[in-house]
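Chemist: Below: one structure in structure tokens.
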Amino acid sequence: MELKKMELTSASGSELNLEALYQIMPSAFTEVRDDKTGEIAHKINFNTLRELLGDNAYEGADEEYGFKWVGKNAARREAARPINKTLRPCPEESVDWENTQNLYIEGDNLEVLKLLQKSYLGKVKMIYIDPPYNTGNDFVYRDDFAMKADGYDLEAGNVDELGNRFRKSTDSDGRFHSDWCSMIYQRLLIARSLLTDDGAIFISIDDHEVENLRKICDELFGESNFVAQMIWEQGRKSAGKTIAVNHEYCLIYCKSLSRILQLITEGKSYWKAKKIGLDILYSEEMRLRSKYGNNVSAINKDYKTFLSNLPENSPAYSHKHYKCIDERGIYFPADASAPDSPETRCHKPLLHPITMKECKVPRLGWRYREATLMELYNNQMFHFGNDETTIPCIKRYLKDTEYEIASSVIYKDGRGASNRLASLLDKKVFDFPKDEYVIQDFIKLICLEDKTSTILDFFSGSATTAHAVMKINAEDEGNRKFIMVQLPEETDKKSESYKAGYKNICEIGKERIRRAGRKIKDEAGEKAATLDTGFRVFKCEDSFMNDVYFSPNDLSQADLFSHINNIKDGTSDLSKLFGCMLDWGVQLSLPLSNFDVSGKTIYNVNDGDLVACFAEDINEEVIAAIAELSPLRVVFCDSCFSDAPLKMNLFELFKQKCGWSEEVVKNRVHVI
């Protein structure tokens, strides 16, 4: 039996779509022999599919609703096309390589997203991106398929096949919008597949493309999964030919809004923002407790005076109704009368704790059943007046109501982020960075309770999102993980960033994470021991396999002698290992260890998720040591085996040591 060969290519978008369709409609598929592999494969039968869809099947028409632009079909095809690329690990540029679960990836984000698809399909809780705002000029992310002016004109109908122009060409024509739409479309098409069922994407954008982006997201995520178009006011500006634009937008879409709404009904916290100004009230409470100790009466007297003196522009002013303090904390007396639901009403009177007389009962009764009412009463959860003539109120504690439904409008001066980054890096080396506090608030909207979630930013710029993830983890002792992806765009040689030693944007981002991580750990004190501020660096490069590995049929027999080893010279074991992890869908952040047997190094990812040995001339002792780990996946190089009998004996060893069938060995043990 032949060992399976690792593909070592990115995921095929069409195959992933086929697998997803098979899960919900298996009867539309049939089995045919694959022309490439010779194995039986599932293929879709369109006639059966049309029958299953009934009247919902649609062939298309001249007039139909949809958002179209020149190059859209090419963008869709490009998103599905697999690539022969890999991510080369760079421990020397990383921080805490052995222990960190964070990733920083340098490369074109389209290629990186394709490479991450197998390992992170449905595993990313939140995506935040700040893509380039299209101002009519060519942007850095110019994909190979993006049309030049002549190609665009021909397909758009601006010129005939001989080049005769039908209309005047201007800088404001559709080509700039088409290129931008194609660029963002294919990236979002792949990014959606990475989101968890309860995940969401946040996209910063300005007026130039917000309308087009909204239409693209409606198509890719579904209109029903639209959450909000938030407005971020960033400070007053006087510049502008007509009206000064002081804001930008953040579009928010869910993978499945219905799933999130279901979780909200189960008590999960989504789309809640912490009320501002609470720290002012808590600070005053602490001061009064320190001053008066357990004298609740004196505390409340001074607290009411403090509230009456709050200026209207204070962030705490809107919380003045939290006017009482008891042993548990700050609260406000809330109405406890019943709504119009007779089945839950209760008219039992409560005894006043001082007069011991029955208090007045609300006209419709209490909103609680009698058992719940008495439990609350016995736990001192009711606020009473001076005597029994006042209807008691229920205590609503500030600590239990710190979060409220997020607003669609936020204000944060944009200059603050620039100043803080300049201070962190000793000088201004990046223009217009995003605000880490705003991104932190965005993260809380979707990842507040999920403290182990993964957060992706594939236009990471100065790595603001990584900074925000580390800050929120420091606050609540979370273990959220970040994945930053950034094109190593070169800095201008005349710029301050270049003079400071930053030759590309990635260098700025990595240094920001290093410095921000150190600062956050210093401020965290004892919590710093469990705080992950490291990151593994990877760089997107051509595959470490020679071309013969992917297309052996293109070479003659004579050519094959120059490709006896199909792995490029100089490829490290670590590069091979992570290439196999990507291909097999193993997350790049998992812990990694290694040990030697018979002088051969064995790599062990996450205690058996993937075990590999790339040394030449391995023996049965090495294979036995790997089998002892009962691994989920095993990978070798073809060159590991000195002869065919040893390779064949491998099957028997795994069958004996692990109790695997021949089919299991075939699926779990691969070679490159």
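Chemist: Report yes if some residue within segment 624-636 is surrounded by 17 or more Cβ atoms within 10 Å (Cβ to Cβ), free of Cβ contacts under 8 Å to residues at least 24 places away in the same chain and over 29 Å from residue 542 (Cβ atoms); otherwise report no. Full working, then the answer.
Modeler: Going through segment 624-636, the residues surrounded by 17 or more Cβ atoms within 10 Å (Cβ to Cβ) turn out to be 625-627, 631, 633-636.
Subsequent filtering for residues that are free of Cβ contacts under 8 Å to residues at least 24 places away in the same chain retains none.
The answer is no; no qualifying residue exists.
Chemist: Moving on to the next point. Can you list residue pairs whose Cβ atoms sit under 6 Å apart, with the first residue in segment 304-326 being closer than 14 Å to residue 402 by Cα and the second being of a type in the set (Val, Ile, Thr) and part of a loop (DSSP other than H, G, I, E, B)? Count only pairs 6 or more apart in sequence or on different chains.
Modeler: Going by the 6 Å Cβ cut-off, the qualifying pairs are 315/276.
Chemist: Being touching a residue at least 60 places away in the same chain (Cβ under 8 Å) and at negative phi is true for just one of 582, 610. Which residue is that?
Modeler: 582
Chemist: Please return the ranges of helices (runs of 4 or more DSSP H) entirely within segment 389-496 where 2 or more residues are farther than 27 Å from residue 109 by Cβ.
Modeler: Working: elements: 414-424, 436-447, 464-476.
Correct list: 414-424, 464-476.
Chemist: Can you say whether residue 86 is loosely packed, with under 15 Cβ neighbours inside 10 Å and β-branched (Val, Ile, Thr), as far as the supplied structure shows?
Modeler: Taking the combined requirement at face value, the residue does not satisfy it.
Chemist: Only one of these conditions is not met by residue 138: (1) modelled with pLDDT under 90; (2) touching a Gly at 6+ places or on another chain (Cβ under 7 Å). Which number is it?
Modeler: Of everything listed in (1) modelled with pLDDT under 90; (2) touching a Gly at 6+ places or on another chain (Cβ under 7 Å), residue 138 misses just condition (2).
Chemist: Let me ask something else about it. Tell me, which helices (runs of 4 or more DSSP H) lie completely within segment 545-624 with 2 or more residues that are at pLDDT 90 or above and of a type in the set (A, V, I, L, M, F, W, C)?
Modeler: Filter on segment 545-624 gives 573-584.
Chemist: Considering only residues of segment 501-536 that are of a type in the set (Gly, Ala, Ser) and within 23 Å of residue 452 (Cβ to Cβ), which is nearest to the chain's Cα centre (by Cα)?
Modeler: 534
Chemist: Which one of the conditions (1) in a helix (DSSP H, G or I); (2) free of Cβ contacts under 8 Å to residues at least 60 places away in the same chain; (3) under 25 Å from residue 410 (Cβ atoms) does residue 512 fail to meet, given that it meets all the rest?
Modeler: Failing condition for residue 512: (2).
Chemist: OK, next. Take the residues in segment 258-278 that are in a helix (DSSP H, G or I) and over 21 Å from the mean Cα position of the chain (by Cα), then tell me which one is surrounded by the fewest Cβ atoms within 10 Å (Cβ to Cβ).
Modeler: 265
Chemist: To continue, here is another question. Could you list, in sequence order, the residues of segment 417-444 that are in contact with a Leu (Cβ under 9 Å, 6 or more places away or on another chain) and of a type in the set (A, V, I, L, M)?
Modeler: Going residue by residue through segment 417-444, those that are in contact with a Leu (Cβ under 9 Å, 6 or more places away or on another chain) are 428-430, 433, 436.
Result: 429, single match.
The values are calculated or read from the model by the stated rules, or taken from the named source; none is laboratory data. As the structure is a prediction and not an experimental result, all values here were calculated from the model. Glycine gets a Cβ as well: all are built from the backbone with ideal geometry, and neighbour counts include every protein chain shown.
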